[in-house]
Amino acid sequence: MRFRFGTDIGLMREENQDAVRCEYFGHNVLAVVCDGMGGERAGKEASELAIEEFFQRFSADYKESLSDEEIRKLLISSISAANSVIYTRARFDFKNFGMGTTCVAAFVNKKTAFIANVGDSRAYLITDTGLVRITTDHNVAALLFEQGKITEEEMEVHPQKHMLVRAVGVEKTVLTDTFMLDYEDNKISLLLCSDGLSGYCSDDEIYSVILNSDFDDVADELIKLALAKGGRDNVTVAVISD
């Protein structure tokens, strides 16, 4: 199992409010991407806090002997721990009012990939024929699409495409989506990214870069793609492959 990751401020923002971290747990990999939000430095603080708290909780409770269901629950509790810390921080400091972050995490062992997400940072499965999105965006546009009020085409350009309906740290508790992909005897490759990539580059464009890049360079090349498309947001990626 191997990974590459990277983050960039982009061309239009004054600071990078994204955060990313990947670590080995034995031969397994845990990767987390967060995209912070909030005034002043609150977004940057939220994303960094989320990743720090997530890894702290996961590391404290992880054991090789955990069952699939226990790993899934550990991802949820790690996001909940991050949620509690950010929510409390925001309530005790008025400068941090409204702070929060997206969070997409992947834990990959030799037979299963576990995905957890809150917000609109995404996880994709990289296949032989293209990208397959695993996660659902928790934003207003996606909600309207789910309700049948707008089309998929309208969702992609909707003015509330970046307005989240679910985020880490905004409410006292947070609802986390989870996914489990069994790939025993097969290979797996995953992409995690903030909307600085997926919001401005098509799946086909992203897949083309992955297909035509050496693995060591893939994170940098994806960031270059987002910058070439205008770099209107911070951009963060993590790629995992066996």
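For the reader, a short list of remarks on this structure follows.
- Residue pairs whose Cβ atoms lie under 9 Å apart, separated by 6 or more positions or on different chains, with the first residue in the stretch 225-237 and touching a residue at least 60 places away in the same chain (Cβ under 8 Å) and under 11 Å from ARG13 (Cα atoms) and the second among the polar types (S, T, N, Q) and part of a strand (DSSP E or B), are ASN234/THR7; VAL235/THR7.
- The lone exception for GLU205 - which of (1) on the phi < 0 side of the Ramachandran plot; (2) surrounded by 18 or more Cβ atoms within 10 Å (Cβ to Cβ) it fails: (2)
- For ASN186, the conditions (1) closer than 26 Å to ARG89 by Cβ; (2) surrounded by fewer than 16 Cβ atoms within 10 Å (Cβ to Cβ) all hold with the exception of (1).
- Entry remark, the stretch 1-43: residues being surrounded by 20 or more Cβ atoms within 10 Å (Cβ to Cβ), at pLDDT below 95 and charged (D, E, K, R) number 0 in total.
- Of all residues in the stretch 2-18, none satisfies being within 18 Å of the chain's Cα centre (by Cα) and more than 25 Å from LEU227 (Cβ to Cβ).
- Of residues in the stretch 166-176 being surrounded by 16 or more Cβ atoms within 10 Å (Cβ to Cβ) and of a type outside the set (Gly, Ala, Ser), the one farthest from GLU70 (Cα to Cα): VAL170
- Of all residues in the stretch 118-159 being within 14 Å of THR178 (Cα to Cα) and among the polar types (S, T, N, Q), the one that is surrounded by the fewest Cβ atoms within 10 Å (Cβ to Cβ): THR136
The values are calculated or read from the model by the stated rules, or taken from the named source; none is laboratory data. Values in this document were obtained by computation on a predicted structure and should not be read as measured data. All Cβ positions, even for glycine, are placed from backbone atoms using ideal geometry, and neighbour counts span all protein chains on display.
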